[in-house]
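Asks: What follows is a structure written as structure tokens; I'll ask about it next.
The values are calculated or read from the model by the stated rules, or taken from the named source; none is laboratory data. Bear in mind the structure is a predicted one, so any value in this text is a computation, not a measurement. Counting neighbours? That spans all protein chains shown, and the Cβs are built from the backbone with ideal geometry, glycine included. Each accessible area value is taken on the protein alone, full model and side chains, heavy atoms only, with ligands, DNA and RNA left out. Shrake-Rupley method; radii C 1.70, N 1.55, O 1.52, S 1.80 Å.
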Amino acid sequence: MDVVYIPMKIAVLTIFPEIFDGFISTSLMGKAVQDGLLDIQLVDIRNYTADKHFKVDDVPYGGGAGMVMTPQPVEAAIKAATEASGGGYVIHLTPQGELLTQKTLREFATMDKPLILLNGRYEGIDERIRELYVHREISIGDYVLNGGEVASMVLMEGVCRLLPNFMGNNESISDESHTAGLLEYPHYTRPAEFNGLKVPEILLSGHHENIRKWRRKMSLLRTRERRPDLFEQFSLTDEDRKLLKGLE
Ligand code: 4GM
């Protein structure tokens, strides 16, 4: 049977829409679009400039190096995207935003409004656009890129895989709930020996309960070792404490 979904709408505002072509059409993003789970609109900010030379940037007031994105075409693009999709939640990708987390992705994936992803280039966008139109400022990490586009792709892919009905979801994603906040345990596939390295015996045992405990223990140990910040935030169960003491 053909099923009809209400797609999650995402408008991407950028001066380089072509960056997204391969990303959107390939693999699981492409499948989500094909299946009607996602509706992605690429909006070229340059199409909205009132400047006769199609300029979208200008020198910074106060002087200094670099250019700033002009507010006029950005505002026009935001208005066009908002009107086309009937409202919208404007997210600006910037190193100055709040750090993107799995929790934020879940929030965006369940948003009842279209997402409008605003991508700056140059030194950024005129501050008044933030004041007037931006609902959220998001950063994908403490580093600087040439533009927000790659950060937008990160956000889109993270949201896409959380959408209900995204490729046999429900199992793999709901399975993440009780391990949320922990790092993954190590994964193995065939062959059982590779370059002299053997797959841990327990994974070949077929003993599901022991395998579950081993994986849980590996997740806990890895998190404590590699991400003490996450481990500190995590609420251990009684079983977790036993596993860590080596009693289970
Ligand atoms: C400065 C101001 C996002 C730079 C606004 C965008 C890194 C991220 C840009 C901007 C970016 C990030 C463009 N670099 N860490 N560069 O998420 O849009």
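Asks: Is there a residue in the range 35-48 that is among the small types (Gly, Ala, Ser) and open to solvent by less than 30 Å² (accessible area, probe 1.4 Å)?
Replies: If we filter the range 35-48 for residues that are among the small types (Gly, Ala, Ser), which is where we start, we get 36.
Subset that is open to solvent by less than 30 Å² (accessible area, probe 1.4 Å): 36.
Yes, some residue in the range 35-48 is among the small types (Gly, Ala, Ser) and open to solvent by less than 30 Å² (accessible area, probe 1.4 Å).
Here's the yes/no breakdown for (1) acidic (Asp, Glu); (2) away from the ligand (no atom under 16 Å from the Cβ); (3) more than 26 Å from residue 126 (Cβ to Cβ); (4) modelled with pLDDT of 95 or more:
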{"residue": "8", "(1), (2), (3), (4)": "no, yes, yes, yes"}
{"residue": "20", "(1), (2), (3), (4)": "no, no, no, yes"}
{"residue": "26", "(1), (2), (3), (4)": "no, yes, yes, no"}
{"residue": "50", "(1), (2), (3), (4)": "no, yes, no, yes"}
{"residue": "54", "(1), (2), (3), (4)": "no, yes, no, yes"}
{"residue": "64", "(1), (2), (3), (4)": "no, no, no, yes"}
{"residue": "96", "(1), (2), (3), (4)": "no, no, no, yes"}
{"residue": "107", "(1), (2), (3), (4)": "yes, yes, yes, yes"}
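Asks: A further question follows. If I filter the range 198-207 for residues that are in contact (Cβ under 8 Å) with a residue 40 or more places away in the chain and either surrounded by 13 or more Cβ atoms within 10 Å (Cβ to Cβ) or more than 16 Å from the ligand (Cβ to nearest atom) (or both), do I get at least one hit? Even if it seems obvious, please write down each step before you answer.
Replies: Step one: filter the range 198-207 for residues in contact (Cβ under 8 Å) with a residue 40 or more places away in the chain, giving none.
No: zero hits.
Asks: Sticking with this one: Could you tell me whether the range 112-132 includes any residue that is closer than 24 Å to residue 159 by Cβ and hydroxyl-bearing (Ser, Thr, Tyr)? Show your work before the answer.
Replies: Here is the first cut: in the range 112-132, the residues closer than 24 Å to residue 159 by Cβ are 112-121, 124-125, 129-130.
Of the ones still in play, those that are also hydroxyl-bearing (Ser, Thr, Tyr) are none.
No; the residues of the range 112-132 include none that is closer than 24 Å to residue 159 by Cβ and hydroxyl-bearing (Ser, Thr, Tyr).
Asks: So which residues in the range 121-159 are open to solvent by less than 30 Å² (accessible area, probe 1.4 Å), within 7 Å of the ligand (Cβ to nearest atom) and closer than 19 Å to residue 70 by Cα?
Replies: Once the filter is applied, which keeps residues that are open to solvent by less than 30 Å² (accessible area, probe 1.4 Å), within 7 Å of the ligand (Cβ to nearest atom) and closer than 19 Å to residue 70 by Cα, the range 121-159 yields 124, 125, 147, 148.
Asks: Right, next: Scan the range 1-24 residue by residue and report those that are surrounded by fewer than 13 Cβ atoms within 10 Å (Cβ to Cβ) and farther than 17 Å from residue 115 by Cα. Spell out how you get there, then give the answer.
Replies: Taking the range 1-24 and keeping what is surrounded by fewer than 13 Cβ atoms within 10 Å (Cβ to Cβ), we get 1-4, 6, 18, 21-22.
The answer is 1, 2, 3, 4, 18, 21, 22.
Asks: Here's another thing I want to ask about it. Between residues in the range 132-147 that are among the hydroxyl-bearing types (Ser, Thr, Tyr) and residues that are within 7 Å of the ligand (Cβ to nearest atom), which pairs lie under 8 Å by C-beta distance while being six or more apart or on different chains?
Replies: 139/93; 139/94; 139/95; 139/96; 139/97; 139/151; 143/95
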